[in-house]
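Engineer: The structure under discussion is supplied below as structure tokens; questions concerning it will follow.
Where a number appears in this text, it was derived from the coordinates with a stated rule and is not lab data. Only a predicted model underlies this, so the values are computations on that prediction, with no experimental measurement involved. Here the Cβ is made from the backbone with ideal geometry for all residues, glycine too, and neighbour counts use every protein chain on show.
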Amino acid sequence: MKTLLIGEYREGKLLDSTYELLGFAAQLGAETAMLLVGSENQLPLYGGTLYLADAAACGEYNPDLHKKLIIEVVQQENPDYIVFLHSSYGWDLAPRVAVALKAAQISEVIAIQDSGFEVGCCNGKMRRSVKPATNKTVLTVQAGAFPALQPGGLPTVHKITSAGIGSLEFIGYEPAEKKDVDLAKAEVIVSAGRGVGKKDNIPVIQALAKALGGELGASRPVVDAGWVGHSHQVGTTGQNVSPKLYVACGISGAIQHLAGMKKSDFILAINKDKDAPIGEVADVLVVADVMQFVPALTAKVAR
Ligand SMILES: Cc1cc2nc3c(=O)[nH]c(=O)nc-3n(C[C@H](O)[C@H](O)[C@H](O)COP(=O)(O)OP(=O)(O)OC[C@H]3O[C@@H](n4cnc5c(N)ncnc54)[C@H](O)[C@@H]3O)c2cc1C
């Protein structure tokens, strides 16, 4: 079994998330080759085969041209799986490659099973197993679902260029609008989840954040319900955070939330369900009603 892993490179740097692709391939027990549109001075630390296209010539982001490069390498390597990260780069490129190869695509893989690949469904509440029915399959893997694996060594580099010039031109990146809170820099984050119950209870969570000198975070349903603004959302479609202390209040621990916060130094979770998945990453899980426990903790901290 063979995988072609599509690495990621942005603003002159190899992205660390590229190593999660190697973690995925290791769990699959597959042989690997990697393709990267990047540069020679940012090679992944992995002693395998690397097809390297020059980002300065091809554009760091050019789905048209990058698709051509991938198809050319697929023809040489004949992999069973072409694997992208489930990022904006992967979202855009993977379906283009799947259509060109007439291959199945499975998006947002979170685990590997004997019977296929596990993906989320029902807005992340449930999981289902999907088995591809084609010889080649395009996959995108969820951020944080597989451990980053840095095997070390340097790759055997095959330089590649695409004959065509493509119909799109990469111009550059435009920074996103400035957020009213930068959770990425916060040392303490206290996050509210659906378990907080209602918008009127948010100040209770905010008071603990303030008492600890931290910022307010939130899970996606809390943001979707309009209880707090999107700049507070932690997770794959929010911010990636790694504070010294992360307090998860009434948050179940869905994979999309964990992907954004599991690198925190210390995780305190408060949940009325002792079996909530957040317990798997929490250093301390307090089994309690959040609206009883949090005000008592705030009072202790503020004393
Ligand atoms: C493509 C996609 C992207 C996503 N991106 C994100 C993202 O960036 N960030 C994110 O957070 N989610 C994201 N999600 C949603 C994610 O799958 C979950 O649905 C979400 O994280 C659940 O939020 P929650 O834990 O607050 O709510 P729930 O899953 O409903 O959990 C609520 C928890 O509160 C507990 N609880 C209830 N009442 C109390 C109480 N009184 N006291 C204590 N505990 C209580 C319950 O036991 C439960 O564990 C995404 C989903 C998809 C499909």
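Engineer: Just to compare against my own numbers: the Cα pair-distance distribution for region 1-98, 10 Å bins, whole % per bin, please.
Structural biologist: Over region 1-98, the share of Cα pairs per 10 Å bin runs 16, 55, 28, 1 percent.
Engineer: Where both residues lie in the chain, what percent of DSSP beta bridges are antiparallel, nearest 5? Walk me through the numbers on the way to the answer.
Structural biologist: Values: 11 of 59 bridges.
Taking every DSSP beta bridge with both residues in the chain, the antiparallel ones total about 20 percent.
Engineer: Continuing with the same structure: Longest exposed-loop-site-free stretch of the chain, with GluC sites (Glu not before Pro), DSSP loop and at most 12 other Cβ within 10 Å?
Structural biologist: 41-168
Engineer: Same structure, new question: I want the local charge near His86. Using Cβ-Cβ distances under 12 Å, sum +1 for each Lys or Arg and -1 for each Asp or Glu among the other residues.
Structural biologist: -4
Engineer: Further question on the same structure: Please rank Ser162, Ser129, Ser39, fewest neighbouring Cβ atoms within 10 Å first, as an exposure proxy.
Structural biologist: Values: Ser162 20, Ser129 13, Ser39 17.
Least crowded to most crowded, the residues run Ser129, Ser39, Ser162.
Engineer: If you take the Cα Rg of region 36-91 and divide it by 2.2 N^0.38 Å, with N the number of residues, what do you get?
Structural biologist: Scaled against compact globular proteins, the figure is 1.14.
Engineer: Are there any chymotrypsin sites (Phe, Trp or Tyr not before Pro) in region 117-219 that are in a DSSP loop and have at most 13 other Cβ atoms within 10 Å? List them by number.
Structural biologist: Listed in order of number, the matching sites are Tyr173.
Engineer: Same structure again: Would you mind getting me the FRET efficiency between Ala299 and Leu45? Use the beta-carbon distance for r and R0 = 35 Å, nearest 0.05.
Structural biologist: 0.10
Engineer: Let me ask something else. Scan around Ala104 for amide H atoms under 5 Å from its own, H built in the peptide plane at 1.01 Å from N, and keep only partners 5 or more places away or cross-chain.
Structural biologist: The answer is Thr134, Lys136, Val138.
Engineer: Which Cα, out of Met34, Ala254, Thr236, lies furthest along the positive dipole direction of the chain (beta carbon charges, K/R +1, D/E -1)?
Structural biologist: Farthest towards the positive end: Ala254.
Engineer: Explain nothing, just the number: dipole magnitude of region 70-212 about its Cα centre with +1 on each Lys and Arg Cβ and -1 on each Asp and Glu Cβ, in debye rounded to the nearest 20. Show your work: numbers first, answer last.
Structural biologist: Details: 15 positive and 14 negative charges, 108 e Å.
Charge dipole, region 70-212, about its Cα centre: 520 debye, nearest 20.
Engineer: Okay, next question. Using the Kirkwood radius over Cα pairs, work out the Stokes-Einstein diffusion coefficient for the chain at 4 °C and 1.567 mPa s, in µm²/s as a whole number.
Structural biologist: It diffuses with D of about 62 µm²/s by this estimate.
Engineer: Suppose every K and R has +1 on its Cβ and every D and E has -1 on its Cβ; what is the size of the dipole of the chain about the Cα centre, in Debye to the nearest 20?
Structural biologist: Working: 28 positive and 31 negative charges, 164 e Å.
My answer is approximately 780 debye.
Engineer: In addition: Using +1 on the beta carbon of Lys and Arg, -1 on that of Asp and Glu, and nothing else charged, what's the dipole of region 2-159 about the Cα centre, debye to 20?
Structural biologist: Roughly 460 debye for region 2-159.
Engineer: Working out 0.36 nm times the residue gap between Arg128 and Leu149, then minus their Cα-Cα distance, what length gain in nm do you get to one decimal? Walk me through the numbers on the way to the answer.
Structural biologist: Working: separation 21, 0.36 × 21 = 7.56 nm, distance 2.56 nm.
Gain on extension, Arg128 to Leu149, equals 5.0 nm.
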